[in-house]
1. Modelling each spin label as a point 7 Å along the Cα-to-Cβ direction, I'd like the R44/E98 distance in nm, to one decimal.
2. State the extension gain, in nm to one decimal, for the chain segment bounded by N71 and R134, taking 0.36 nm per residue of separation less the distance between their alpha-carbons.
3. Provide the descending list of Cα extents for segment 110-157 along its principal axes, expressed in whole angstroms.
4. Please sort 69-76, 53-60 by packing, taking for each peptide the average over its residues of neighbouring beta carbons within 10 angstrom, highest first.
5. Using the basic label-point model (7 angstrom from Cα toward the beta carbon), what is the E142 to E111 distance in nanometres?
6. Highest mean first, how do 119-127, 135-143 rank when packing is the count of other Cβ atoms within 10 Å averaged over residues?
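Values quoted throughout were computed directly from the atomic coordinates according to the rules given, and no laboratory measurement underlies them. Being a predicted model, the structure only gives us computed values, none of them experimental. Cβ: placed from backbone, ideal geometry, glycine included. Neighbour counts: every protein chain shown.
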Amino acid sequence: MNSGILEAESLSRVYHPGTSSEVRALNGVSLVIPGGGYVVLAGRVDPDGNMVAGVRHPNLSVPIGTFTGWNLRREGFAEGAQCAGAGSFIPFASNNAERQESGDPRLSIEERYRTHDAYVSAVSQAADRLVQDRLLLQRDAEAIVERAEGSTVGRSN
C-alpha cells in the first residue's frame with residue numbers, strides 16, 4: 001500500500017557551498033553544483049508519521065494528520081529534492097472507506113475520534129498534561145482547546 005507518505009530513507013541529499021562539486025540530474029539536465037553533500041536525518045516517528053522526540057503539542061499527540069518538518073519539491077521545480085524549511089501536513093482520511101480506497105495505513109479521523117466531544121476531550125487532556133508539566137501556558141492550552149471545540153473533527157457530515 002502506498003499512502004503517499006515518504007519513508008525517511010527516501011529523502012535526498014542536501015548540498016551546500018564548499019570546495020568540491022558534484023553533478024546531479026535536475027529535470028533531465030546535468031548540473032555542476034558547488035559544495036559537498038550531507039545526508040538529511042529525520043527523527044523517529046510514530047505509526048502516523050509524526051515525530052516522537054521533544055515536546056508533543058496536542059497537534060501531534062491528538063493528530064488529525066501527519067506533520068513533517070520537511071517537504072519535497074514538485075515536478076518542474078527540482079522534483080524530489082528537499083524544499084528547505086518548508087514542512088508538510090498530510091491529513092488523515094475522513095473515514096475507513098476513504099482510507100481503504102486510498103491505501104492509507106493510518107487510521108481515519110472517524111476511527112480515531114468517534115464524536116466531536118471525544119476529540120475535544122483528548123485535546124483537552126493532552127493540553128492539560130503539558131500545562132501540568134510546565135511546558136505550556138494555561139492561556140495557550142485554553143486557546144488550543146477552544147480551537148478544537150470550533151473544529152469539525154468528529155462531527156457528522
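1. Result: 3.1 nm between the two label points.
2. Values: separation 63, 0.36 × 63 = 22.68 nm, distance 3.13 nm.
Working it through step by step, the gained length comes to 19.6 nm.
3. 36, 18, 10
4. On the way: 69-76: 12.8, 53-60: 14.9.
The peptides rank, most packed first, as 53-60, 69-76.
5. According to this spin-label approximation, the distance is 3.7 nm.
6. Numbers: 119-127: 19.8, 135-143: 13.2.
Going by the mean number of other Cβ atoms within 10 Å, highest first, we get 119-127, 135-143.
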